[in-house]
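Undergrad: Handing you a structure now.
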Amino acid sequence: MTAFSGPFQTGDRVQLTGPKGRLNTITLTPGKQFHSHRGVLDHDALVGLPDGSVVANSGGVEYLALRPRLADFVMSMPRGAAIIYPKDAAQILAQADVFPGATVVEAGVGSGALSLWLLRAIGSTGRLVSFERREEFAEVAAGNVVGFLGAEPENWRIVTGDLTEELPAALEPGTVDRVALDMLAPWECIGVVADALKPGGIVLCYIATVTQLSRVAEAIRDTGLFTEPESSETLVRGWHVEGLAVRPDHRMVAHTGFLLTARRLAPGAVLPALKRRASKSEYEDEDVELWTPGALGERTASAKSLRRRVREAKAGASASLARGRTPLDPRELDAPPSEAPEDGLVTRDAADGDATGSGEADQ
Ligand SMILES: C[S@@+](CC[C@H](N)C(=O)[O-])C[C@H]1O[C@@H](n2cnc3c(N)ncnc32)[C@H](O)[C@@H]1O
């Protein structure tokens, strides 16, 4: 298993920050060197140093060496489909009230970013079942999860297939504490989710566009099986704080997605009449399509690019699994996860609810 604290060991992933703030992630491999145009740094020189050390390369250039946090890892790991950003993952854990020991269902698994946050929150006594209808994405996600944790978690299972078909077969009705849906058409899954949830259980939907938000909220209301849906979005604005120059950052990730939560009512319970809407909005699915052409459609990444990401994720997993063996074969570590995208600004838009980090949409 990956060590998340303590001195650096062979096989650990280490994030190096250079003089200009540029990040490079390396996997410590005996005999290997990190090269930049201003010198070389032996991986072996880092082994045994405390996390947070500053090391100099052969040219005297200093690097800050830190273990990547989960947030760092998910932002730089290979992507099959667009990931849930750390700011949203944190809110998902809070709003869905994910607790140690919980039985959690997630769909789709995409690149496995949310899976990693959920696994952390449920702990070893919880259980996560992740559904993904695309085999290649399931492979990328499995590679990323093993790549980060260093082993396949015993309490995690990926089921390949559509949630609407697979959930009833995979889990007994009324046995699930929490469900997280991150997909283009979550409204199609509300029926099976209602069956799977325990009374009081929570469904959380992560949705990219207002049309999807409206539609899933209405689908949930129409069942009469849930509490009134609550919706929000999370804006995190960084601040520049230096002496008297204290101001918000000029740039921020403005929109990623909306979160919607609702709780499962007990069998037979009927919500007390709520004075909520003066008039129910009226529209058909076709109207949504007309408003946002392609919102409900699916686009596909090139097979070549997807194959590359599967290879990268598997290489990361092999590197992590190899940690237990010494000496480590450097060839196993030849393809560590790629560096964090420089822009760090990958978002989903109306037409690509599942867009990739490279701007391609992948569903
Ligand atoms: C945006 S990705 C999920 C990203 C993931 N939450 C993460 O953080 O890495 C959406 C995924 O949902 C999958 N998907 C869409 N509808 C589905 C369904 N009905 N059942 C299972 N998977 C589905 C897609 O194949 C895609 O991989």
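Undergrad: When Lys and Arg each count +1 and Asp and Glu each count -1, what net charge do the other residues less than 10 Å away from ILE202, Cβ to Cβ, add up to?
TA: Overall, the nearby charge balance is +2.
Undergrad: Out of all DSSP beta bridges in the stretch 72-291, what portion is antiparallel? Express it as a percent rounded to 5. Numbers along the way, then the final one.
TA: On the way: 15 of 35 bridges.
Of all bridge pairs located within the stretch 72-291, approximately 45 percent are antiparallel.
Undergrad: Tell me, how many Å apart are the Cα centres for the stretch 172-247 and for the stretch 18-35?
TA: First find each Cα centre; the distance between them is then 39 Å.
Undergrad: Which order results if LYS314, LYS304 are arranged by neighbouring Cβ count within 10 Å, fewest first? Don't skip to the end; give the middle numbers.
TA: Values: LYS314 19, LYS304 7.
Going from least to most buried by this count: LYS304, LYS314.
Undergrad: To the nearest whole percent, what portion of all C-alpha pairs in the stretch 72-291 is separated by more than 27 angstrom?
TA: On the way: 8327 of 24090 pairs.
For the stretch 72-291, the share of Cα pairs beyond 27 Å comes to 35 percent.
Undergrad: Now a separate question. Over the alpha-carbon set of the stretch 61-190, work out the extent along each principal axis and list the three values in angstrom, largest first.
TA: Sorted from largest, the Cα extents of the stretch 61-190 read 58, 29, 26 Å.
Undergrad: Could I ask something else about it? Could you line up HIS43, HIS37 from fewest to most neighbouring Cβ atoms inside 10 Å?
TA: HIS37, HIS43
Since every read-out is calculated from the coordinates, none of them should be taken as a lab result. In this text the structure is predicted, and so the values were computed from the model without any measurement. So basically every Cβ, Gly included, is an ideal-geometry build from the backbone, and we count neighbours across all protein chains shown.
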